[in-house]
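The values are calculated or read from the model by the stated rules, or taken from the named source; none is laboratory data. A quick note: this is a predicted structure, and the numbers were derived from the prediction, not measured. Neighbour counts are summed over all protein chains in view; Cβ atoms, including those assigned to glycine, are modelled from backbone coordinates with ideal geometry. Note: areas computed on protein heavy atoms with side chains; ligands, DNA, RNA excluded. Shrake-Rupley method; radii C 1.70, N 1.55, O 1.52, S 1.80 Å.
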Amino acid sequence: MSASLDMTTMYAMHHALRRELEQIAKITSRIDDDPRKILATAAGWRLFTKSLHIHHTAEDDALWPVMRETLAERPSELALLDAMEAEHGAVDPLIEAIEAAFADRESGAQRLGDLVDALVTVLVGHLEHEEKQALPLIQATVTLPQWQAFGQLHGSRIGPDAPQLIPWLLDGADERTVDTVLAPLPEPVRAAYFHQWQPAYIALDRWSADTSK
């Protein structure tokens, strides 16, 4: 096992998810426009939900299973992994319910606030639980090759969305975090990040309604 797994990208993802949850909650509380119209068409909602899905499914497919093999005789640690998976499972129905509210002309507006509040509570609670208990267990359990395999799967699922999802991930990150996250990427990709992807992301008004839809 390794005590030196680099958790920089994991914490960057958690920071990005918290950042967007704050923005989503602010939009939902607006009274000058219909929050459903904003969230339903804004690039920010798509980036948030896509990044969240990639992150959670990568953990479910490449992290928890290898830990279960190592921890097979340790029921308390297995119970923690059960909790991680259950918390992931609680998020998806909330996302689906929020998106259903976008199209519900009768009661969607009334339901949206409670649904977003529930999403914030469930997801922030999960992130805190993972940071306090699961990440130390990962450090104590997962080998470096296993951790690298998780990172590779995570990166492969970003795929063609990298020009938007990587700047989204690093929005507001400090220089060390940016350097660490970009370090494994080929030099042409890093150059594209600084010269093309990041400027395009900065120009994107990701939390405004797309009036063309």
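Would a scan of the stretch 175-185 turn up a residue that is at positive phi and among the small types (G, A, S)?
Here is the first cut: in the stretch 175-185, the residues at positive phi are none.
Checked the stretch 175-185: no residue is at positive phi and among the small types (G, A, S).
Out of the residues in the stretch 87-132 that are farther than 17 Å from H53 by Cβ, of a type in the set (G, A, S) and modelled with pLDDT of 95 or more, which is nearest to the chain's Cα centre (by Cα)?
G125
Residue by residue, here is whether (1) over 16 Å from the mean Cα position of the chain (by Cα); (2) aromatic (F, W, Y); (3) closer than 16 Å to D171 by Cβ holds:
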site: Q23; (1), (2), (3): no, no, yes
site: S29; (1), (2), (3): yes, no, no
site: P35; (1), (2), (3): yes, no, no
site: L39; (1), (2), (3): yes, no, no
site: A42; (1), (2), (3): yes, no, yes
site: R46; (1), (2), (3): no, no, yes
site: L52; (1), (2), (3): no, no, yes
site: T57; (1), (2), (3): no, no, no
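With the requirement that a residue be of a type in the set (S, T, N, Q) and at pLDDT 95 or above, what does the stretch 1-18 give you?
Pass one, the stretch 1-18, residues of a type in the set (S, T, N, Q): 2, 4, 8-9.
Once the filter is applied, which keeps residues that are of a type in the set (S, T, N, Q) and at pLDDT 95 or above, the stretch 1-18 yields T8, T9.
Applying the selection to the stretch 7-31, what residues are free of Cβ contacts under 8 Å to residues at least 60 places away in the same chain and surrounded by 19 or more Cβ atoms within 10 Å (Cβ to Cβ)?
Across the stretch 7-31, the qualifying residue is only E20.
List pairs: first in the stretch 181-198 and within 11 Å of I166 (Cα to Cα), second open to solvent by less than 40 Å² (accessible area, probe 1.4 Å) and outside any helix (DSSP H, G or I), Cβ under 7 Å, 6+ apart or cross-chain?
Every condition considered, the pairs that remain are V181/L170.
Filter the stretch 119-161 for residues that are among the β-branched types (V, I, T) and touching a residue at least 12 places away in the same chain (Cβ under 8 Å) and give the result. Can you show your working first?
Let us first name the residues in the stretch 119-161 that are among the β-branched types (V, I, T), namely 120-122, 124, 138, 141-143, 158.
Matches in the stretch 119-161: V120, V122, V124, I138, T141, V142, T143, I158.
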